[in-house]
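Engineer: Submitted below is the structure of interest, expressed as structure tokens.
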Amino acid sequence: MSQPSPPPLKLLSIGANDGESAEPLGALAASPPLEPTEAFLGELQRDSDGLEKATPQEVLRWTVDRFAPRFTMATAFGPEGMTIIHMLAEIAPETPIFNLETGYQFAETLELRETIKKRYGIEVEFKYPETTVAEYEAANGGPVYKTDPNRCCFDRKLSVLHRAAKGWHAWASAIRRDQSPDRARAPIVGWDKKFQLVKVSPLANWTKKDVWSLITSENIPYNPLHDQGYPSVGCQPCTRAVMAGEDERAGRWAGFQKTECGLHSS
């Protein structure tokens with residue numbers, strides 16, 4: 001007898017129009033602010049279309065020229081993120097880079113911060129939730145990820161990114177369009193409604209093979225868990241190794257109707 005499908009999880013978000021946040025977010029809180037006017041959104045669309053055939057390095061150079069010093073990057077230290085960090089080390093090593101340190105990440109993931117510092121001289125900043133893991137679990141009667149992973153991601157990642165994104169004009173993401181249906185429609189450059197700033201995805205048109213070809217040829221450091229059956233690495237409690245033939249994100253939030261933490265879903 002087949003097991004029933006798990007019930008849909010409640011989605012949580014902070015948006016400019018959902019009534020949950022009265023304060024300006026992202027680029028709206030920058031000095032000077034950057035607002036998603038019709039003219040500006042049209043400009044971004046034209047820019048994105050013009051960059052469709054550009055290399056990731058060309059996209060990053062365009063982004064730095066257009067938005068620095070109000071351009072930043074969030075990384076989870078995945079292979080795509082490590083590839084972009086490698087490129088930024090050559091193009092704009094002064095670009096601020098941060099990681100959302102939930103308190104649940106693998107030790108192997110956290111160790112990459114020191115590897116990056118030694119290899120590139122870039123110090124990735126950890127951005128933390130308002131509570132420690134012990135405080136969070138004590139306040140909620142135990143691990144929230146076991147019963148409501150959407151809320152856990154919201155409390156320990158999304159809300160942290162909202163604070164971290166405040167005051168910037170643009171941020172780089174390391175998503176690829178072929179990773180999931182949610183990401184298949186990602187533009188090279190577009191307005192991120194959730195975080196209210198420009199989102200740039202230089203690897204949108206790349207494949208997994210493209211990423212690993214560069215990692216191999218340039219000897220770019222990467223998470224050793226990728227060699228142990230973890231193509232996509234998130235928080236330790238919600239990540240498992242994948243089986244042969246499974247989607248590369250099948251090991252994330254196994255047992256739940258969830259494939260994204262919410263950072264890159266609309």
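The values are calculated or read from the model by the stated rules, or taken from the named source; none is laboratory data. Keep in mind it's a predicted model, so treat the numbers as computed, not measured. Ideal geometry is used to build each Cβ from the backbone, glycine not excepted, and the neighbour counts take in all protein chains shown. We work out accessible area using only protein heavy atoms, side chains counted, and drop any ligands, DNA or RNA first. Shrake-Rupley method; radii C 1.70, N 1.55, O 1.52, S 1.80 Å.
Engineer: Among the residues of segment 126-172, write down those that are among the basic types (K, R) and either within 19 Å of L110 (Cα to Cα) or open to solvent by less than 20 Å² (accessible area, probe 1.4 Å) (or both).
Structural biologist: Within segment 126-172, K127, R156, K157 qualify.
Engineer: If you check A92, A74, which single one turns out to be more than 24 Å from L158 (Cα to Cα) and touching a helix residue (DSSP H, G or I) at 6+ places or on another chain (Cβ under 8 Å)?
Structural biologist: From the options A92, A74, the qualifying one is A92.
Engineer: Can you tell me which residue among A74, A92, A107 is hydrophobic (A, V, I, L, M, F, W, C) and either crowded, with 21+ Cβ neighbours inside 10 Å or touching a Phe, Trp or Tyr at 6+ places or on another chain (Cβ under 7 Å) (or both)?
Structural biologist: Within the list A74, A92, A107, the selection yields A74.
Engineer: Assess whether D182 counts as being at pLDDT below 95, out of contact with any Leu (no Cβ under 7 Å at 6 or more places or on another chain), of a type outside the set (A, V, I, L, M) and part of a helix (DSSP H, G or I).
Structural biologist: no
Engineer: Further question on the same structure: Confirm whether N150 is at pLDDT 95 or above and among the polar types (S, T, N, Q).
Structural biologist: Taking the combined requirement at face value, the residue does not satisfy it.
Engineer: Starting from residues that are modelled with pLDDT under 75 and open to solvent by 20 Å² or more (accessible area, probe 1.4 Å), keep the ones in segment 224-251 and report whichever is nearest to the chain's Cα centre (by Cα).
Structural biologist: The selected residue is R249.
Engineer: What single numbered condition from (1) in a loop (DSSP other than H, G, I, E, B); (2) surrounded by 17 or more Cβ atoms within 10 Å (Cβ to Cβ); (3) of a type outside the set (S, T, Y) fails to hold for K199?
Structural biologist: (1)
Engineer: Let me ask something else about it. Determine whether R119 is closer than 18 Å to S173 by Cα and either open to solvent by 30 Å² or more (accessible area, probe 1.4 Å) or among the aromatic types (F, W, Y) (or both).
Structural biologist: no
Engineer: Let me ask something else. Scan segment 181-220 residue by residue and report those that are in contact with a helix residue (DSSP H, G or I) (Cβ under 9 Å, 6 or more places away or on another chain) and at positive phi.
Structural biologist: Result: Q196, single match.
Engineer: Of the residues that sit in segment 187-196 and are within 13 Å of the chain's Cα centre (by Cα) and surrounded by fewer than 24 Cβ atoms within 10 Å (Cβ to Cβ), which one is modelled with the lowest pLDDT?
Structural biologist: K194
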